[in-house]
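Structure first, then comments.
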């Protein structure tokens with residue numbers, strides 16, 4: 001229990017600061033602790049329900065306008081996330097890990113080449129585009145145990161021209177929809193680990209609070225560097241795991 005509680009606090013801080021569901025840090029930690037990929041995915045998804053709801057509540061005052069787009073993306077993510085139980089059931093642990101690594105690699109490249117601060121062009125988006133982005137993000141993310149922000153943030157800043165901090169806030173809001181869908185899907189397919197998920201989820205709330213508080217105080221360029229460092233460290237961890 002103490003190990004899971006510690007994982008929850010660390011994951012919560014990462015979730016709040018970087019606007020992610022926390023799966024991309026929690027899944028590798030659980031794998032190194034002896035859990036198999038599908039167990040790690042289940043615990044990770046349940047933790048996301050806790051951290052994403054609380055984190056989005058804390059973000060709501062500063063990023064109200066951006067979060068309106070998140071509702072449409074979130075609905076798409078919910079629809080996609082509902083399909084994740086089928087993928088988890090029929091795809092091997094090894095394949096899921098390789099997908100995770102490829103997504104991390106893509107995210108690092110996209111964030112690196114995109115400016116930390118930019119103006120979002122409201123005319124460049126439409127509801128159908130946002131829904132489709134959300135659907136496929138939710139489908140892939142819930143199948144590998146991440147909230148979707150690691151996939152969504154590069155798309156938002158690279159193609160839809162969101163500011164980096166606003167994109168991560170929207171990404172965390174998206175996680176509410178995708179994680180609830182993933183939780184429902186994995187529960188129905190018999191893969192959910194409720195006790196471990198609740199322990200990690202409750203303790204993650206502590207970390208979320210401090211993560212968001214510090215995020216608002218960090219300048220955008222420094223924030224971009226921290227995000228790149230995080231993704232790189234997780235990528236290295238996952239590569240070591242499969243070697």
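The values are calculated or read from the model by the stated rules, or taken from the named source; none is laboratory data. Quick caveat: nothing in here was measured; it's all calculated off a predicted structure. As a convention, Cβ positions derive from the backbone with ideal geometry for all residues, glycine included, and neighbour counts pool all protein chains shown.
In table form, for the structure just shown:
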quantity	calculated
Residue 43 vs. criteria in a helix (DSSP H, G or I), more than 23 Å from residue 196 (Cβ to Cβ), touching a helix residue (DSSP H, G or I) at 6+ places or on another chain (Cβ under 7 Å) and touching a residue at least 40 places away in the same chain (Cβ under 8 Å)	no
Looking only at the range 59-73, and only at residues there that are modelled with pLDDT under 85 and assigned to a helix (DSSP H, G or I), the one that is nearest to residue 212 (Cα to Cα)	59
Tally of residues being surrounded by 21 or more Cβ atoms within 10 Å (Cβ to Cβ) and at positive phi across the range 15-40	2
